[in-house]
1. Carbon and sulfur atoms: what percent of the 1.4 Å accessible area of region 71-190 do they account for?
2. How high is the relative contact order of the chain, in percent, counting Cα pairs under 8 Å that sit 6 or more residues apart?
3. Can you give the extra length, in nm with one decimal, that the chain gains between residue 11 and residue 34 once fully stretched, where that is 0.36 nm per residue apart less the Cα-Cα distance?
4. Looking only at Cα atoms, what is the convex hull volume of the chain per residue, in Å³?
5. Compute the angle between helix 154-170 and the longest alpha-carbon principal axis of the chain, please, reported from 0 to 90 degrees and rounded to the nearest 10.
6. Compute the accessible area per residue over region 9-94, keeping the other protein chains in place, probe 1.4 Å, unit Å².
Amino acid sequence: MPRGVVIPQVRQQLFAALERLIATEGLSGLTGRAVTRAAGVATGLLYTHFRSWEGFLAQYATDRSFQLASGVADLAGRAGTATVAANLDDAVNATPFDVVVPLIRLLASRADLAAEVERVLGPGTAGLAAVEQAVARYLAAEQDRGRLPAATDPGAAALALVGVLHYRVLTGADRSEVDSSIRLLTSAFI
């Protein structure tokens, strides 16, 4: 890449390259050089925009955790609309699978990144934690409306849903397998 050429959205381009590498090659061999090569930019560009490799990973995890949280932020407001299963399915699918998979794999391997995300965004915001909290609030709201059995524990059901999502992502399930597992789980408590 020639010097002086403006690259629009370079941060997002580098984040997308990181996601592709994690999805195709896993976490071993993940380096700044590999990311910049996959992004088609000069190696030094990563360090122009991020203070270090660790800073790059932390900002990626923060950016994508924010996306996950934003995707489910209005979930409790949907209580009483559509079906509970459809609303949960929408929440799980709010962030593209090609973002969820690499983020969860990276956070599972690097606990320090989750701590950094929570330092920036607040407690309970790293990875799927925000999804779990949003689902619990949503299920409690549905329970208040009588659309969820009184015996259902919203927090436990939310934890189970996120646990299934987490497990299926970490074991390499594809989108249809994840969706099927989520539907199976939601049918058990709706």
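The values are calculated or read from the model by the stated rules, or taken from the named source; none is laboratory data. Fair warning: this is a prediction, and the values are worked out from it, not measured in the lab. Ligands, DNA and RNA are excluded from the accessible area calculation, which covers all protein heavy atoms including side chains. Shrake-Rupley method; radii C 1.70, N 1.55, O 1.52, S 1.80 Å.
1. 56
2. 21
3. Difference between extended and current length: 6.8 nm.
4. Per residue, the Cα convex hull of the chain comes to 116 Å³.
5. Taking Cα atoms only, the helix is inclined about 40 degrees.
6. For region 9-94, the solvent-accessible area averages 44 Å² per residue.
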